[in-house]
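Enquirer: My questions will all concern the structure given below.
The values are calculated or read from the model by the stated rules, or taken from the named source; none is laboratory data. Because the structure is predicted, anything quoted here is derived from the model rather than measured. In this analysis, Cβ positions are derived from the backbone assuming ideal geometry, glycine residues included, and neighbour counts consider all displayed protein chains. Note: areas computed on protein heavy atoms with side chains; ligands, DNA, RNA excluded. Shrake-Rupley method; radii C 1.70, N 1.55, O 1.52, S 1.80 Å.
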Amino acid sequence: MSSRKRSKFTTSPDIEKHFVNMAEWLAMESTAEIARMEERRKQQNSADAERSGESILDLVIADHRPGLGGNQLITFKRRNETIKMPWHRLRVGSPVVVSQFDSRSSGSDTGVVSAKKFDSIEVALHHRPDGDCFRVDLTADEITRQRQLAAINTAMGSRGRPGHMRSVLMGVRKPGFMEKELELEFHSNLNESQQSAVRFSLLAEDLAIIHGPPGTGKTTTVVEFIVQAIKRGESVLACAPSNAAVDNLLERLIDAKQQVVRIGHPARVAQRVRDFSLDGLVEKHDNTPVIREMRREAESIFRKADKWTRAKQPRGHRQEQRQEAKRLISDAKMLERQAIDSIMGRAKVICATTTFNESLLGERRFDICVIDEACQSTEPGCWVPMLRCDRLVLAGDHQQLPPTVLSTQAAREGFAKSLMEREMELYGTEVSRMLTVQYRMHRKIMDFSSQEFYDGELVAHESVVEHLLSDLEEVDLANASFGGVAAPDSNPIDANFIEEPVTFIDTAGAGWDEELEPGGLSKRNPKEADLILKKANVLIETGLDPKDIAIIAPYAAQVRLLRSLSQHETLEIDTVDGFQGREKEAVLITLVRSNNENEIGFLADRRRMNVALTRARRKLVVIGDSATLGIDDFYKSFFEYVESLQAYHTVWEEL
């Protein structure tokens, strides 16, 4: 527990206005999400309803098994197994509603996606749903929004340490730093910029930011910071906006031998770390067998009390039975609470999403709140954990994807700006340290993003600086047919395709125009789709496993088209959002846009393209129309860059 002195001050009108705006943006977002859900639920046609990626129709139950917390884990597959599962946005942890695929039926059950595969989706429900054929729809997460709203209302009127932190984060008070040298024995093998970020963050009295560009070992650095804080006797609340990011952080802390507990819905916790979830630890607690027996006995007494008998019961006997059952249930709850308190009390780190159930923490406070992937959360989400902590460390990259916001108006007014981005604009290097050594990309894949987004400061570690696909043991150029070309040197692209880290293929002038998906509003480009799959097949023919390859498309319609054409189930095809925080040995990007009006839509979002261009380790392939995209300075710079690498090719070399 922190022993900091409390300070008192009143909020300024500007601060109050900021919090009022956040509440209004939350309401806008709720309205936009509910409207979209209602519109989609009206669609009974599979093609129409599934186009958004937020619904899967015509499903049957393939399996069911018990899960933690009394849930049933239900696996759904297509009723017609010859039809592929559609591309969808349902991630592990997504709130969903399961209903019968029948317009005449109104029954439904709410649940949480607990696992997903290419041909199935698993949902945690309170019970096995009735019916033969089902649909699964993403639903609005109003509980999360209510927690965010409660947090910002509390923050706006807070005094003491939370009030001081609010003042720092709003720029009213300067963040403080201790002036002393730290001698640390690092748990991990960190480079100089990572060590600097850890030391800097440990000296922060209010706020510190660890800026981690792609592949720079941000999570490694965050974990080391947490380990060092624990060594100093400090308590840590470690959070992230998504369940996947929390579980990644949790796994790394487990590897570092830390006493850690993960709180949250058991279905939202990855299988590999469920033994460290609160539910998993309670299952193994000494109190649990007693709790189960008490609840079984209470249920038995309730049944006896409700059972009709011919013999006349003494007056008040049934009431006494029910009271006894209620006492047993109350005692069981008390024992369960004791088990939870015991488990939480031993933990040095609590891991949770930023919008956790606060009742699990009681009155517990922490010295430090760490929010990983902070740029992917809207600001209200960050206030839930921040109110329980004395100091804040944000980690992420404001040059990558911002938070997802459905309401156009709320995004335009400022809801899509994360807290980390706002603090970087407010304080910059005064509160932040950037990690500069990246361990993912060949230097030629890295250099463009380094120049455009990171002032040229990124450096490729010696282990990756020149690594190529041809260095992989499984890659064998002699086995590749290069798309049917008899000899590699007869095709100028395929001759160097494996040996070069970057390839750009320009479709300008080929008439490969974009088109609207039939019956939809999303765009696709069939010719680009054919070529990019051909190039993926070239990589596979050399021996590269399809699971080590990704195809990224900026438009959902292109993703759906590519998935329908692909012959490889483990070849991942998704939008940019689906690959945030991930990497593959080879990444192929289809830019889609090709038109006479030079319209590029949301390809103008440079940060989105930064994510796409930095997922590849050894091979990056980009296909697009320079005539359409070249009007934008960012793409113009990219085309100049690939020309400087002699990585520029035209589609005419393919024809």
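Enquirer: Expressed as a whole number of Å, what is the distance separating the alpha-carbon centroids of the stretch 223-258 and the stretch 280-304?
Expert: First find each Cα centre; the distance between them is then 32 Å.
Enquirer: If I measure Cβ to Cβ between cysteines in the chain, which ones have no partner under 4.7 Å?
Expert: Taking the Cβ cut-off of 4.7 Å, the unpaired cysteines of the chain are Cys133, Cys239, Cys351, Cys375, Cys382.
Enquirer: Assuming a viscosity of 1.306 mPa s and a temperature of 10 °C, what translational diffusion coefficient in µm² per second does Stokes-Einstein assign to the stretch 490-608, Rh being the Kirkwood radius over Cα pairs? Working shown, then result.
Expert: Numbers: Rh = 15.1 Å.
Result for D is 105 µm²/s.
Enquirer: Can you give me the relative contact order of the stretch 539-631 as a percent, contacts being Cα pairs under 8 Å and 6 or more apart?
Expert: 31 percent
Enquirer: For the stretch 407-482, what is the accessible area per residue in Å², given a 1.4 Å probe and the full set of protein chains?
Expert: Value returned for the stretch 407-482: 47 Å² of accessible area per residue.
Enquirer: Per DSSP helix of 4 or more residues, -39500 (n - 2.57); summed, then divided by the residues of the chain. What does that give at 222 nm, rounded to the nearest 500? Don't jump to the answer; show the numbers that get you there.
Expert: Values: 18 runs with 232 residues, N = 655.
About -11000 deg cm²/dmol.
Enquirer: What does the accessible area per residue of the stretch 161-303 come to in Å², with a 1.4 Å probe and no ligands, DNA or RNA counted?
Expert: With the other protein chains kept in place, the stretch 161-303 gives 42 Å² per residue.
Enquirer: Once each part is reduced to its C-alpha centroid, what is the distance from the stretch 90-163 to the stretch 628-655 in angstrom?
Expert: Rounded to whole Å, the Cα centres lie 43 Å apart.
Enquirer: A follow-up question, please. If all Cα-Cα distances of the stretch 209-307 are sorted into 10 Å bins from 0 onward, what percent lands in each bin, rounded to whole numbers?
Expert: Each 10 Å bin holds this share of Cα pairs: 13, 34, 26, 13, 9, 5, 1.
Enquirer: Turning to a different aspect of this structure: Remind me, relative contact order of the chain in percent, using alpha carbon pairs under 8 angstrom and six or more residues apart?
Expert: 13 percent
Enquirer: Can you send over the carbon and sulfur percentage of the accessible area for the stretch 590-650, probe radius 1.4 Å, protein chains only?
Expert: Roughly 42 percent of what the probe reaches on the stretch 590-650 is carbon or sulfur.
Enquirer: Moving to a separate point now. State the extension gain, in nm to one decimal, for the chain segment bounded by Gln323 and Asp141, taking 0.36 nm per residue of separation less the distance between their alpha-carbons.
Expert: Contour length minus Cα-Cα distance gives 61.9 nm.
Enquirer: Counting only protein heavy atoms, what percent of the accessible surface of the stretch 390-462 is carbon or sulfur at a 1.4 Å probe?
Expert: 42 percent
Enquirer: Further question on the same structure: Which entry in [x] 189; [y] 200; [z] 168 matches volume of the Cα convex hull per residue in Å³ derived from the coordinates of this structure?
Expert: From the options [x] 189; [y] 200; [z] 168, the structure gives [x].
Enquirer: Cβ neighbours within 10 Å, averaged per peptide: list 227-233, 359-365 in order, most packed at the top.
Expert: Those peptides, ordered most packed to least, come out 227-233, 359-365.
Enquirer: Sort 441-451, 552-562, 644-654, 164-174 for me by packing, meaning the mean count of neighbouring Cβ atoms within 10 Å per residue, highest on top.
Expert: Order by mean packing, descending: 552-562, 441-451, 164-174, 644-654.
Enquirer: Hey, can you rank 126-132, 291-297 by average C-beta count inside 10 Å, highest first?
Expert: The most tightly packed comes first, giving 291-297, 126-132.
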